[in-house]
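S.K.: My questions will all concern the structure given below.
Throughout, read-outs are computed from the coordinates displayed, never taken from laboratory work. What you see is a predicted model; the values in this text were computed from it and never measured. Quick reminder, even Gly has a Cβ in these numbers, built from the backbone with ideal geometry, and neighbours come from all protein chains shown.
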Amino acid sequence: MGFHRNRRIKISVLVATLLLVFLWSSSHLGYINPHVPIWYSMLSITSAMVYKIDKDHARAYQQRIPEKWMHCIDLFGGWPGALIAQQAFQHKTLKASFKTVFWLTVMVNSTVLGLYLKNIIQDRLSI
C-alpha cells in the first residue's frame, strides 16, 4: 500500500469517525434524536458494502450497481461509509463525474444535517 493511499484511508476514516462520534455523543446527551446516528451508521455500512460489491462485480465483469443508487445512499447519509470504501477498495476514485456528484451529495447531506442541528441549537437557546 502506497504512502498517499494509506494517508487517504486514514483521513477518510478520521472524517467518518468524527462525524459518527459527534452524532452518537449528541444523541447520548439528549441533543438529537437517537435515530439520527443509527441512520447514518446503518447507511454508512450499507454504502461501504455496496461499493465493495460493485468493485467485486467490476473485477469479475458482472453487472454493476448503478451509480445513481450509490449516490442515493450517499445523499441520504451513507457518505461516511462511501468515503472510507472508495479509498479502502480503490473504487470510484478516478472517475471525475462520479467524484463530482459524490461531493455534491456530501454537501447537500451536510447542509441538511447542519440546518437540523441549527434548529435544535436555536430551540435550546430560546428556552
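S.K.: Gain in length, Arg59 to Ile45, computed as 0.36 nm per residue apart minus the alpha-carbon separation, to one decimal in nm?
M.R.: Here the answer is 2.9 nm.
S.K.: Here's something else I'd like to know. Hey, fewest Cβ within 10 Å first, where do Met70, Met107 land in order? Before the final figure, lay out each step's value.
M.R.: On the way: Met70 24, Met107 11.
Fewest-to-most Cβ neighbours within 10 Å comes out as Met107, Met70.
S.K.: Let me ask another. Please state the relative contact order of the chain as a whole percent: Cα pairs under 8 Å, 6+ residues apart?
M.R.: 27 percent
S.K.: Looking at Val13, Trp69, Ile120, which one has the Cα that reaches farthest to the positive end of the dipole of segment 3-125 (charges on Cβ: Lys, Arg +1; Asp, Glu -1)?
M.R.: Val13
S.K.: If the only charges are +1 at each Lys and Arg Cβ and -1 at each Asp and Glu Cβ, what is the size of the charge dipole of the chain around the Cα centre, to the nearest 20 debye?
M.R.: About 500 debye.
S.K.: Now for a separate question. By counting other Cβ atoms within 10 Å of each Cβ, how are Leu23, Leu117, Leu29, Leu83 ranked from fewest to most?
M.R.: With the sparsest Cβ surroundings first, the list reads Leu29, Leu117, Leu23, Leu83.
S.K.: Quick one: how many lysine pairs in segment 3-125 have C-alpha atoms under 26 angstrom apart, if they're 8 or more apart or on different chains?
M.R.: Final tally of qualifying lysine pairs is 16.
S.K.: How much length, in nm to one decimal, is gained on full extension between Ile38 and Asn6, taken as 0.36 nm per residue of separation minus their Cα-Cα distance?
M.R.: 8.7 nm
S.K.: Now for a different question. Report which label in (i) 48, 32, 20; (ii) 58, 31, 22; (iii) 53, 38, 35 holds the value of Cα extents along the principal axes in Å derived from the coordinates of this structure.
M.R.: Among (i) 48, 32, 20; (ii) 58, 31, 22; (iii) 53, 38, 35, the one derived from this structure is (ii).
S.K.: To the nearest 0.05, how large is the calculated FRET efficiency for Val108 and Tyr31 if R₀ is 30 Å and r is the Cβ-Cβ distance?
M.R.: That gives a FRET efficiency of 0.85.
S.K.: So how do Asp56, Asp74, Asp123 line up by other beta-carbon neighbours within 10 Å, fewest first?
M.R.: Listing Asp56, Asp74, Asp123 from fewest to most nearby Cβ atoms yields Asp123, Asp56, Asp74.
S.K.: Another question, then. In debye to the nearest 20, how big a dipole does segment 1-71 give about its Cα centre with +1 on each Lys and Arg Cβ and -1 on each Asp and Glu Cβ?
M.R.: 360 debye
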